[in-house]
Amino acid sequence: MILVTGASGLLGANFLLQARDIGREVVGLCHLHPLSVRNVMIFAADLTNSSEVRALVSKLHPRAIIHCAAATSVDWCEDNSVETDRINVQASVHLASLAAEMNAKFIYISTDSVFDGSRGQYSENDEPRPLNVYSESKLRAEREVMQVNPRAVIARVNIYGWNAQQKQSLAEWILTQLSSGKQVHGFTDVIFSPLLVNDLAEVLLRMLDLQLTGIYHVAGSEATSKFEFARTLARIFGADDGLVVPARVCHANLRAPRPCNTSLNTQKVHLALGMRMPGVEAGLHRYKSLQDAGYVQRLKDCASEALACQP
């Protein structure tokens, strides 16, 4: 059985749905946002409550834990460093230690922003240099997780996809703006390697099956700017790409500093899995096909049905 934390989040909800659909036994943990997935047990748990988490995880005794839960709002983390540490570092290390105790595989979902973005195309051997509280907490968690659980996997990612909750991923926000006829300011100076969350879910399952360990950059095979990503997204969805206008992150007045080029080299995971990571257009075409096939509504129903069951 695979235990997924952050079950109602972008990665967690999509992973549960996809894993269930191919016959994997999965269980989810969520906290503030309830989720209901047919034939999947989902438990409410505050991951910062170590005694509660130990009791629940020990009872479930999973063969693998995929730790997706995190405080991911970069600007919120900048103003709440103590709470960020409790959620992103302490809770993660505790879960990794529990996994080691019960000989369960552990995958920690990290971020490309552990790098300062000065050059891009980072490999797993490059030295991280985080620029903000969020990325500092993720890097600290990476290092402490590996100390307590040397057989863990650290997956550095940058994802987009359809969200079960009302919170929108980058791609969803872009589509919402475009469908309303509003301009989208796309950063020409922010370069990344985006990966569709559904592609990531499949890769994580393969990593578990192959018993991989260590740090992997699990991202798209191509680097693109936020500006070009938004334009490509618009074209694939039949929206007006003229509404996407160039902008620069340095003019955005964001609370926390952001790295400019966090594109990742994915050669290591490519060789380990024997498969190339999807490129930008391939990922976005699959993103649209999920909508066309009714997948998005099934995903949204998981959140709405859970809310309907709340007292």
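The values are calculated or read from the model by the stated rules, or taken from the named source; none is laboratory data. Bear in mind that the values here come from a model prediction, so they are computed numbers and not experimental data. In this analysis, Cβ positions are derived from the backbone assuming ideal geometry, glycine residues included, and neighbour counts consider all displayed protein chains. Just the protein is used for accessible areas: all its heavy atoms, side chains included, with ligands, DNA and RNA removed. Shrake-Rupley method; radii C 1.70, N 1.55, O 1.52, S 1.80 Å.
Under 8 Å for C-alpha pairs, at least 6 residues apart: give me the relative contact order for the chain, rounded to a whole percent.
21 percent
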Taking a ≥ b ≥ c as the square roots of the Cα gyration tensor eigenvalues, with a/c under 1.5 meaning rounded and otherwise prolate when a/b beats b/c or oblate if not, region 96-215 comes out prolate
Would you mind telling me the share, in percent, of accessible area of the chain contributed by carbon and sulfur at probe 1.4 angstrom? 49 percent
Label Asp46 and Trp173 with points 7 Å out from Cα along Cα→Cβ: what is the distance between them in nm? 2.9 nm
With all protein chains modelled, accessible area of Asp85 [1.4 Å, Å²]: 40 Å²
For the pairs Lys105/Lys268; Lys59/Lys105; Lys138/Lys300; Lys105/Lys300; Lys59/Lys300; Lys105/Lys288, note any where the Cα-Cα span goes beyond 22 Å. Lys138/Lys300; Lys105/Lys300; Lys59/Lys300; Lys105/Lys288
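Packing-wise, with mean Cβ within 10 Å as the measure, how do 267-273, 114-120, 6-12, 86-92 rank, highest first?
Working: 267-273: 16.3, 114-120: 18.9, 6-12: 26.0, 86-92: 21.6.
Highest-to-lowest ranking by the protection proxy: 6-12, 86-92, 114-120, 267-273.
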Of all DSSP beta bridges in the chain, what percent run antiparallel (nearest 5)? 5 percent
For a quick check: with amide H placed at 1.01 Å from N, whose amide H comes under 5 Å from Val26's, ignoring anything fewer than 5 positions away on the same chain? Ile2
Given H placed 1.01 Å from N in the peptide plane, which residues other than close sequence neighbours of Lys105 have an amide H under 5 Å from its amide H? Ala64, Ile65
Return the long-range amide H neighbours of Ala71 (sequence gap of 5 or more, or a different chain), with a cut-off of under 5 Å between placed amide H atoms. Asn88
If you count only protein heavy atoms with a 1.4 Å probe, what accessible area per residue comes out for region 186-267, rounded to a whole Å²? 38 Å²
Per residue of region 111-121, what does 6.51 cos²θ - 1.76 cosθ + 1.60 with θ = phi - 60° give for ³J(HN,Hα)? Whole Hz please, x for Gly and Pro, Karplus curve as stated. 9, 5, 7, 5, 9, 7, x, 6, 9, x, 6
What's the ranking of 30-41, 276-287 by average number of surrounding C-beta atoms within 10 Å, highest first? 276-287, 30-41
With x for Gly and Pro, the residue-by-residue ³J(HN,Hα) of region 95-110, computed from phi through the Karplus equation 6.51 cos²θ - 1.76 cosθ + 1.60 at θ = phi - 60° and given in whole Hz, is 5, 5, 5, 4, 4, 5, 4, 9, 6, 9, 5, 9, 10, 9, 8, 10
Per residue, how large is the accessible surface of region 49-106? Use a 1.4 angstrom probe and give square angstrom. 43 Å²
Integer Hz, Karplus 6.51/-1.76/1.60 couplings in order for region 274-280, x for Gly and Pro: x, 8, 7, 5, x, x, 4
Calculate the length of the line joining the C-alpha centroid of region 43-87 to that of region 190-245, in whole Å. 25 Å
Any chance you could run the full-extension gain for Ile22 through Glu127? It's 0.36 nm times the residue separation minus the Cα-Cα distance, nm to one decimal. 34.0 nm
